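Each remark here refers to the structure printed beneath this line.
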Amino acid sequence: MSVPTLAVFKLASCDGCQLTLLDCEDELLTLAGEVRIAHFLEASSAVTPGPYDLALVEGSVTTPADAERVREIRAQSRHLVTIGACATAGGIQALRNFADVEEFTRAVYARPDYIDVLATSTPVSDHVDVDFELRGCPIDRKQLLEVITAYLAGRKPDIPDHSVCFACKRRGTVCVTVAHGTPCLGPVTHAGCGAICPAYGRGCYGCFGPSGSPNLRALIPLLHRDGMDDRAVERLLRTFNAPAFDKEVRS
């Protein structure tokens, strides 16, 4: 049997999710014995042309070149998995979706006519079919290894779709909202981080995006109760996964 090929690609992003794969250390050595890493510029300049059995794509689509490139990646990949908030929701750069990107380019660049950029920053799934979306900013290394292992084994990744509240209960963390009146997005945020922020006494700020069945309409009045006005709620929701949370608010 031929060795499966793995490719890792970057669009508009900070590289943090690619670094999560490199941070796997010992597990990465084991993985390297099971697959041929054909394209991963964060790790090596050696590149093997496709097709690829599994492609991991980090980053959002922000330029016409990104849109064309992701279509090429999809065409070369048996399975395509997007990793991180940028690739799955548009990322922090999608804050421009709520403003005028031309105004930004005029303010920042001496020659804005040189800038070839789309009006919005969008997830990869807006442009091509995606087999799985792995959320987080950055992604969780254990979840990443589970996704890669699952596709190599020909099965569906076992990634739970519940909220951060579930993770808080599992680790025995006292609810920061109930105990201290701290505003928290845990009830509507996808688990995966291990509920780190509530464990240290602060509210979840949604870095893994909306959970499988978020009820933001029920949560927002509680955020108001805990001292947040409309503007503060808007700022809380408009961070790494702003378009995804905005879609849930409007649904």
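The values are calculated or read from the model by the stated rules, or taken from the named source; none is laboratory data. Keep in mind the model is a prediction, meaning the values are calculated, not measured. Quick reminder, even Gly has a Cβ in these numbers, built from the backbone with ideal geometry, and neighbours come from all protein chains shown. Just so you know, the surface numbers come from the protein's heavy atoms only, side chains and all, with ligands and any DNA or RNA stripped out. Shrake-Rupley method; radii C 1.70, N 1.55, O 1.52, S 1.80 Å.
Across segment 125-166, which residue is nearest to P198 (Cα to Cα) among those that are touching a Ser or Thr at 6+ places or on another chain (Cβ under 8 Å) and aliphatic (A, V, I, L, M)? Across segment 125-166, the extreme among qualifying residues is V164.
Taking segment 117-136 on its own, how many of its residues are assigned to a loop (DSSP other than H, G, I, E, B) and within 22 Å of H79 (Cα to Cα)?
Our first condition is that a residue be assigned to a loop (DSSP other than H, G, I, E, B); within segment 117-136, this holds for 117-121, 123, 127-131, 135-136.
Imposing the further condition that a residue be within 22 Å of H79 (Cα to Cα) reduces the set to 123, 127-131, 135-136.
Residues flagged as assigned to a loop (DSSP other than H, G, I, E, B) and within 22 Å of H79 (Cα to Cα) within segment 117-136 amount to 8.
Could you please find all residues in segment 208-222 being farther than 24 Å from C86 by Cα and either under 24 Å from the mean Cα position of the chain (by Cα) or of a type in the set (D, E, K, R) (or both)? Within segment 208-222, R217, L219, I220 qualify. Restricting Y114, Y151 to residues that are open to solvent by 90 Å² or more (accessible area, probe 1.4 Å) and either over 22 Å from S77 (Cβ atoms) or in contact (Cβ under 8 Å) with a residue 12 or more places away in the chain (or both) narrows the list to Y114. What number of residues within segment 16-49 are part of a loop (DSSP other than H, G, I, E, B) and either open to solvent by 30 Å² or more (accessible area, probe 1.4 Å) or out of contact with any strand residue (DSSP E or B) (no Cβ under 8 Å at 6 or more places or on another chain) (or both)? Number of matching residues: 13. Is it the case that P157 is crowded, with 21+ Cβ neighbours inside 10 Å, under 26 Å from G16 (Cα atoms) and not polar (S, T, N, Q)? For P157, the condition - crowded, with 21+ Cβ neighbours inside 10 Å, under 26 Å from G16 (Cα atoms) and not polar (S, T, N, Q) - is not met.
Filtering R78, R69, R106, R74 for residues that are part of a strand (DSSP E or B), surrounded by fewer than 19 Cβ atoms within 10 Å (Cβ to Cβ) and of a type in the set (K, R) leaves a single hit, R78.
When each of P187, P221 is tested for being free of Cβ contacts under 8 Å to residues at least 40 places away in the same chain, touching a helix residue (DSSP H, G or I) at 6+ places or on another chain (Cβ under 6 Å), in a helix (DSSP H, G or I) and over 28 Å from L11 (Cα atoms), the lone residue that passes is P187.
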